[in-house]
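This report refers to the structure that appears directly beneath it.
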Ligand code: G1P
Ligand code: ZN
């Protein structure tokens, strides 16, 4: 077998963002682009030599081509064992689990998560370290620095490995194994949740679900877990076959893109009890009841308040964490339970240390992410199983559980407004101006429709990791008001074109008589204050956000 040294020159745009390196497919197809980035990973992740590497992706366009390149480079770099999901498929949570279970040195995940796929769509690559979680900023900074000095990459001259069937191939010092992508993960879920109880309810027709896999990676997982192991009716999983372009859709589990699911849940008594969807790589989820949406921040709070009712979490929670923009609903629960609630920057990588040190058991993000200490990634199917288990224990509907939660802890009306496709310079200037503005905002009062709002605190969020003391700065402008309302501004770190400004709006209401109002109406004052403070119209020429979730 020949090992080739191919000369190359650096690409300046290989800095990983919130979740790995994400670019248009065409960018990844540029000669040497993928190889350069992989070479930088192999240079930094020195444990891969002689170790086990897990490889898989969400099945999007370019997935299998990228995997073949990874295999050739891994062989050239002396990786001793590589496990690859059959057909190149592995959900992000499944990779995290396999790394941990098999004591792998790391994993490479090919995905651009919820971004559209296909030749014109997006592609992404992410490295996870031995704890199963996304590599931390120190690692990704090193990879980037390394990528800027590449002069050559190393690759083995071997044939493509057939990914369609399970099997083993010895190539020089490297054993390549094509594995069943689903079974280990499904076994883990069976250990955590009370499958017998859920199965009995499905079997007796007292419980039903519709799970929308959005033509993405969770199809095979959901079929195996919900329909085969839990006995949910055949057909409970829709859009179950992974496709390279996600059926032309947008694999983002929200009320807009999971339209078919939403329609099925809005059929009154004929609807399934529970509706759920997951994204491209299976780490995000949306949970809905009949005609009823539960926002992800509330999901985290509800899980935290009820975890002790589930056998897998009956010992209670050591603590919880949420990302900065996630609503403070979970903070109220943590306070009542007397457990710590950490506030981290956006992105799952910041939960890793807290989970490893057992400071937290559950964590979540407003962007349809939830997870626990069972792995080091967010986990869509886990979250759906958590809800299924909760519904079977409580014998209440999703809506009843949520309303009871609000009655006890109060409701955090919450919304995210995204302004997409902004000029990057304009967006940077807006954030710069906001940073300046926060210095004098404290104590200012803004008039509102029914009440005025006084700023009680305001800053540019900086996070000191309590475990390794690393400091991450400039993570978002947060404006806190005396009445517990809040606005957060930050720029997206996952986009592939221009800049996206995210504005997160929140207002707390303790009175149950006021828990059935229209979210955007309740947030109207916050929306106006956000527009004014950020000078949205003059700076961006935008009156309205592009996406409201
Ligand atoms: C977005 C979400 C963030 C999530 C990330 C990866 O990042 O907002 O919560 O962790 O995708 O799924 P953003 O584009 O805002 O940087
Ligand atoms: Zn995802």
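No lab work stands behind these numbers, since they all come straight from the coordinates. These numbers were taken from a predicted model, which means no experiment stands behind them. Because the Cβ atoms are built from the backbone with ideal geometry, glycine has one as well, and the counts that use them run over all protein chains shown.
Could you check the simple spin-label distance between residue 429 and residue 175, using points 7 Å along Cα→Cβ, in nm with one decimal?
Between residue 429 and residue 175, the simple spin-label model gives 6.0 nm.
Give me log10 I(q)/I(0) at q = 0.24 Å⁻¹ for the stretch 1-64, Debye formula, one equal scatterer per alpha-carbon, no solvent.
One equal scatterer on each Cα of the stretch 1-64 leads to -1.39.
Using 0.36 nm per residue, how much length does the chain from residue 483 to residue 511 gain when fully extended, once their Cα-Cα distance is taken away? Please report the intermediate quantities before stating the final value.
On the way: separation 28, 0.36 × 28 = 10.08 nm, distance 1.35 nm.
So the extension gain works out to 8.7 nm.
Using all Cα-Cα distances in the stretch 434-549, what percent lands in each 10 angstrom bin from 0 up to the longest?
In order of increasing distance, the bins hold 11, 40, 34, 13, 1 percent.
Tell me whether the stretch 1-154 comes out rounded, prolate or oblate; compute the Cα gyration tensor, take square roots of the eigenvalues as a ≥ b ≥ c, and use a/c under 1.5 as the rounded threshold.
Numbers: a/c = 1.29, a/b = 1.05, b/c = 1.23.
Since a/c stays below 1.5, the shape of the stretch 1-154 is classed as rounded.
Run the simple label-point estimate for residue 311 and residue 165 please: 7 Å along Cα→C-beta, distance reported in nm.
The answer from the label model is 3.9 nm.
Determine which residues of the stretch 403-429 fall in the zone a paramagnetic label at residue 451 would reach in this model, i.e. backbone nitrogen under 17 Å from the point 7 Å along Cα→Cβ.
Answer for this model: 409-414.
Order the peptides 146-152, 268-274 from the highest to the lowest mean number of other Cβ atoms within 10 Å of their residues. If you can, show how the numbers build up before the last one.
Details: 146-152: 15.9, 268-274: 14.3.
Packing proxy ranking, top to bottom: 146-152, 268-274.
Figure the gain on full extension for residue 459 and residue 184 (residue separation times 0.36 nm, minus the Cα-Cα span) and round it to one decimal in nm. Don't skip to the end; give the middle numbers.
Details: separation 275, 0.36 × 275 = 99.00 nm, distance 4.40 nm.
Result for the pair: 94.6 nm of gain on full extension.
Could you tell me the calculated FRET efficiency between residue 544 and residue 31, based on Cβ-Cβ distance and R0 = 41 angstrom, to the nearest 0.05?
Values: r = 41 Å, r/R0 = 1.01.
About 0.50, to the nearest 0.05.
Find the eigenvalues of the gyration tensor of the Cα atoms of the stretch 194-302, then list the square roots of 5 times those eigenvalues as equivalent ellipsoid semi-axes, largest first, in whole angstrom. Mind showing how you got there, number by number?
On the way: eigenvalues 84, 58, 36 Å².
Equivalent-ellipsoid dimensions as semi-axes: 20, 17, 13 Å.
Test of understanding: express the Cα radius of gyration of the chain as a ratio to 2.2 N^0.38 Å, with N the residue count. Intermediate values should be presented prior to the final figure.
Working: Rg = 23.1 Å, N = 549, 2.2 N^0.38 = 24.2 Å.
The value comes to 0.96.
So if we plug the beta-carbon distance of residue 200 and residue 266 into 1/(1 + (r/R0)^6) with R0 = 35 Å, what FRET efficiency do we get, rounded to 0.05? It would help to have the intermediate numbers written out before the result.
Values: r = 28 Å, r/R0 = 0.79.
The value I calculate is 0.80.
At a 10 angstrom cut-off on C-beta neighbours, averaged per residue, how do the peptides 256-266, 85-95 rank from highest to lowest? Present the calculation step by step, with values, prior to reporting the outcome.
Values: 256-266: 17.9, 85-95: 28.1.
In decreasing order of mean packing, 256-266, 85-95 become 85-95, 256-266.
Of the listed peptides 525-536, 324-335, 441-452, 8-19, what is their order by residue-averaged count of other C-beta atoms within 10 Å, with the highest listed first?
324-335, 525-536, 8-19, 441-452
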